[in-house]
Amino acid sequence: MIIYPAIDLYKGKAVRLKRGDYAQMTIYSDDPLSVAHDFKKSGATALHIVDLEGARDGEPKNFDLIKTITAETGLFVQVGGGIRTSETIDKYIKSGVKRVILSTAAISEPGFLHNMVIEYGDAIAVSADLKDGFVAIKGWTEVSNKEALTFCEELDKIGVKTLICTDISKDGMQCGSNIELYRTLRKRLKIALIASGGVSTIEEIKTLSKLGMDGAILGRALYEKEIDLKEALTI
């Protein structure tokens, strides 16, 4: 299981939201590049970066910063937020990003998703951000009519290789992740699964690993020093 330290970007700063609420934002650093280097020094091999402004507004707002982080750290970087065109995907891939994450576009334009999977293969991941059993879109500001488990099964069938699944009610709350959700998904899907949202203890990381999860994204728990990244990586 791969550990992905998270860097959420807003106006060039490293921040975290609570339950996807932009009004509940905590700024952790004015220098996200330094944060990325610190994660690398602790042994991280991968980063999960989200352009929060891009997710909300529908187009990348922090591209240059993400490009710099990718180039200077040399880490495996996966990026989400405002990626809704083939031009944006191509731009990120050419900048060195290894995996781009589709969310809103995966719901609103299933044909687009299918075409991008054909063209870019495992460089395309989908983020299923779940709220009350349905998939949220547009930076979590709206909830679609797409039922969560049905959507995840559809992704598996069309050949998406990686699914990042977030229970929004858990995200940024340091209250534990939705273990039962991941247990259910692992039983029903062949797709690579990455857990996100609320992972806050070493014991949870152990549990997710035993479930057969392919990755776990760590955010606020790292910034608040509730989880030691070096310890998490050894697990």
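The table for this structure:
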{"read-out": "Normalised contact order of the chain, rounded percent, pairs of Cα under 8 Å and 6 or more residues apart", "value": "19"}
{"read-out": "In sequence order, calculated HN-Hα J values of the stretch 24-32 (Karplus, 6.51, -1.76, 1.60; Hz; x Gly/Pro)", "value": "10, 10, 10, 8, 9, 7, 8, 10, x"}
{"read-out": "Whole-Hz couplings from phi, Karplus 6.51/-1.76/1.60, listed for the stretch 194-210; x for Gly and Pro", "value": "10, 7, 8, x, x, 5, 9, 9, 5, 4, 5, 4, 4, 5, 4, 5, 5"}
{"read-out": "The stretch 51-61 - phi-based ³J(HN,Hα) in whole Hz, Karplus 6.51/-1.76/1.60, Gly and Pro as x", "value": "8, 5, 5, x, 4, 6, 9, x, 7, x, 10"}
{"read-out": "26 Å Cα-Cα threshold exceeded, pairs from Lys67/Lys157; Lys41/Lys206; Lys18/Lys91; Lys41/Lys161; Lys94/Lys210; Lys67/Lys146", "value": "Lys67/Lys157; Lys18/Lys91; Lys41/Lys161; Lys94/Lys210; Lys67/Lys146"}
{"read-out": "Unit charges at the beta carbon, dipole of the stretch 2-234: most positive-side option, Gln78, Thr26, Ala136", "value": "Gln78"}
{"read-out": "Estimated [θ] at 222 nm from DSSP helical runs (n ≥ 4, -39500 (n - 2.57)) normalised by residues in the chain, nearest 500", "value": "-11000 deg cm²/dmol"}
{"read-out": "Electrostatic dipole magnitude of the stretch 2-234 [Cβ: Lys, Arg +1; Asp, Glu -1; Cα centre; debye, to 20]", "value": "380"}
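Read the figures in this text as sums done on the coordinates, not as results from a lab. Bear in mind that the values here come from a model prediction, so they are computed numbers and not experimental data. Positions of Cβ are backbone-derived with ideal geometry, glycine not excepted, and every protein chain shown enters the neighbour counts.
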